Amino acid sequence: MSTALPDQLKWEYSAFPVQISQKQRLSPGFMRITVTGDKLRFFGQWGLDQRIKLIIPSPAGNIPDFGILDEPTPPPTTWLPRAKSFPADQRPILRTYTPSAVRPELCEVDIDIYLHNPSGPVSRWAKNCSVDDELIITGPDVRAGETGYGITYHPTSAIDRLCLIGDCASAPAIANIVNQSKVPTTVFLHVDSLEDDVLIADSSTKLTFEDIDAYKAKVFQWASANAADPSVHFWIAGETSMVRFIRKELINSYRVDSSRITFLGYWKYGRRTVD
């Protein structure tokens, strides 16, 4: 049987029905969920800040049929309105994450979930889920080619140095970028606890802070010394208001051109956009 999708039916993402094969507490704040499923042999190994969707059971404990598992996977304009049409207690929970590892030869994907406090829906699910529980993830399908869909940071030859600025929610993406970076890379990581500094390689130039003011001060101290270099690129992700603040300061106070900044708001205080 052919594994290729008909040209007229290709879309950048596919939905992958999976089940939990392993659950591991990496630190007080991080839970690694490993999922498996036969279709994951087609899951793309793109890395970087790749965004995928987790679709976990509704408060009622099930994932209703809203068309996402149709073959081939339809675009979100088709299935998302159907998913949102269910009553709140029956509505599937959809959140965006970055895979930490993809092993298509084993049909496995690792997802490192930061357990926010207070807990959002995915944090609660991650704490309480069990091996063999079922969910759905969406992600790149190699049969559609390497479209780059879901990736925000695209390395170019114009980048000679990279500065990554984030928090625990963005740590999986930072770790991926560090692992693939071919240029000198500096990391500024804000954590709630130093025990949660577990994902990013120690070989990177990394500064980790619990104190938010010390974190911001070091970011801007580094920017003061390095931002004038047009080959320096900044990647900022994490809590939305902090991302906006740092980006605004880099542009207004340190004269960094906006084209040299990649930024993503992952969550908000009081309202979880990632969890």
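Nothing in this text is a laboratory measurement; each read-out follows from the coordinates by a stated rule. Keep in mind the model is a prediction, meaning the values are calculated, not measured. Neighbour counts run over all protein chains shown; Cβ positions are idealised from the backbone, glycine included.
Computed on segment 13-140, the Cα convex hull volume stands at 105 Å³ per residue. For the chain, the relative contact order works out to 21 percent when only alpha carbon pairs closer than 8 Å and six or more residues apart are counted. Taking Cα centre as origin and charging only the Cβ of basic (Lys, Arg, +1) and acidic (Asp, Glu, -1) residues, the dipole magnitude of segment 13-140 rounds to 420 debye. Pairs 53/182; 53/268; 182/218; 218/268: which are spaced more than 26 Å apart, C-alpha to C-alpha? Exceeds cut-off: 53/182. Among 46, 235, 222, determine the one that fluctuates most according to a GNM of the chain built with springs between C-alpha atoms less than 10 Å apart. Greatest mean-square fluctuation among the candidates belongs to 222.
Along the axis of the charge dipole computed for the chain (Cβ charges of +1 for Lys and Arg, -1 for Asp and Glu, origin at the Cα centre), the listed residues 179, 29, 159 are led at the positive end by 159.
When only the Cβ of Lys, Arg, Asp and Glu is charged (+1, +1, -1, -1), the dipole of the chain relative to its Cα centre reaches about 600 debye. Between 154, 116, 233, the residue with the greatest mean-square fluctuation in the GNM of the chain (Cα pairs under 10 Å linked by springs) is 154. Projecting the Cα positions of 40, 214, 72 onto the charge dipole of the chain (unit charges on Cβ atoms of Lys, Arg, Asp and Glu, taken about the Cα centre) puts 214 furthest along the positive direction. May I ask for log10 I(q)/I(0) of the chain at q = 0.09 Å⁻¹, from a Debye sum over the Cα atoms as equal point scatterers with solvent left out? Treating every Cα as an identical point scatterer, log10 I(q)/I(0) equals -0.44. Site-free segments of the chain were taken between trypsin sites (Lys or Arg not before Pro) in DSSP loops having at most 11 other Cβ atoms within 10 Å, sites themselves excluded; the longest one is 1-181.
Would you mind checking segment 45-83 for residues with the amide N under 18 Å from a putative spin-label position 7 Å along Cα→C-beta of residue 90? Only 56-69, 79-83 fall inside the zone, counting backbone N under 18 Å.
Report the paramagnetic label zone for residue 231: residues of segment 184-199 whose backbone N is under 12 Å from a point 7 Å from Cα along the Cα-to-Cβ axis. Answer for this model: 184.
Computed about the Cα centre, the dipole magnitude for segment 197-275 is approximately 380 debye when only Lys and Arg (+1) and Asp and Glu (-1) carry charge, each at its Cβ.
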